[in-house]
1. Identify, by number, the condition in (1) over 19 Å from A124 (Cβ atoms); (2) touching a Phe, Trp or Tyr at 6+ places or on another chain (Cβ under 8 Å) that E90 doesn't meet.
2. Considering only residues that are in contact with a Pro (Cβ under 9 Å, 6 or more places away or on another chain) and more than 15 Å from R30 (Cβ to Cβ), which ones fall in region 47-79?
3. Return the pairs, sorted by first residue and then second, in which the second residue is open to solvent by less than 90 Å² (accessible area, probe 1.4 Å) and polar (S, T, N, Q), the first residue lies in region 16-38 and is more than 20 Å from A48 (Cα to Cα), the beta carbons are less than 7 Å apart, and the residues are 6+ apart or on different chains.
4. Filter region 67-90 down to the residues that are among the charged types (D, E, K, R) and over 14 Å from V143 (Cβ atoms), then identify the one that is least open to solvent (accessible area, probe 1.4 Å).
5. Pull up region 9-66, narrow it to residues that are open to solvent by 80 Å² or more (accessible area, probe 1.4 Å) and among the basic types (K, R), then point me to the one that is farthest from E142 (Cα to Cα).
6. Considering only residues that are in contact (Cβ under 8 Å) with a residue 60 or more places away in the chain and part of a loop (DSSP other than H, G, I, E, B), which ones fall in region 39-68?
7. Exactly one condition in (1) part of a loop (DSSP other than H, G, I, E, B); (2) of a type in the set (S, T, N, Q); (3) modelled with pLDDT of 90 or more is not met by T138; state its number.
Amino acid sequence: MLTATTTSGEELLTFREQFPASPRGAQQARHGAVRRMEEWGHPPPSDASCAVALVVGELAANAVRHGRVPGHDFDLRLTLDEAAGLVRIEVADAAATKRPPAAAPSAFPDGESGRGLLLVDVLAVRWGSTPRHPVGKTVWAEVAIESPTCL
């Protein structure tokens with residue numbers, strides 16, 4: 001779903017879609033984000049599209065791995081605020097009890113996983129999580145973008 005809303009005279013473009021809570025769903029979310037960024041004037045090789053794709057990939061993978069509740073999908077929402085130079089990424093899942101840490105780990109863990117939030121922390125201007133009512137949580141990140149190269 002794509003919507004355009006006006007807040008204080010500024011146009012915000014928003015995209016929202018549900019995906020299955022599976023590795024394939026996380027991949028589809030990442031591909032969908034790249035397509036949406038291209039429609040918004042940020043082609044796949046651009047820094048903005050690449051950063052958004054990486055953050056969406058990490059947050060979606062975490063929703064699948066840590067926030068999965070049988071029978072529930074996860075939601076992806078992208079909001080483009082050209083005036084602020086930001087894309088807000090929100091990934092919502094149904095697991096309220098499994099929240100990410102307040103800050104990314106300060107060092108790489110020894111295991112094969114656990115580096116995703118470090119990547120998000122580097123690529124995002126800010127990130128965090130909020131409870132989602134009636135159930136679940138939303139993990140969000142804001143990525144700085146340059147002006148679009150085409151429309």
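1. (1)
2. Passing the criteria: H66, D73.
3. F19/Q28
4. Start the filter on region 67-90 by keeping residues that are among the charged types (D, E, K, R), which leaves 68, 73, 75, 77, 81-82, 88, 90.
Retained after the next criterion (residues that are over 14 Å from V143 (Cβ atoms)): 68, 73, 75.
Numbers: R68: 140, D73: 73, D75: 20 Å².
Ranking the qualifying residues of region 67-90, first place goes to D75.
5. Out of the qualifying residues, it is R24.
6. Here is the first cut: in region 39-68, the residues in contact (Cβ under 8 Å) with a residue 60 or more places away in the chain are 40-43, 46-48, 51-52, 54-55, 58-59, 62-63, 67.
Within region 39-68, W40, G41, H42, P43, S46, G67 meet the criteria.
7. Unmet for T138, out of (1) part of a loop (DSSP other than H, G, I, E, B); (2) of a type in the set (S, T, N, Q); (3) modelled with pLDDT of 90 or more: (1).
The values are calculated or read from the model by the stated rules, or taken from the named source; none is laboratory data. Quick caveat: nothing in here was measured; it's all calculated off a predicted structure. So basically every Cβ, Gly included, is an ideal-geometry build from the backbone, and we count neighbours across all protein chains shown. Ligands, DNA and RNA are excluded from the accessible area calculation, which covers all protein heavy atoms including side chains. Shrake-Rupley method; radii C 1.70, N 1.55, O 1.52, S 1.80 Å.
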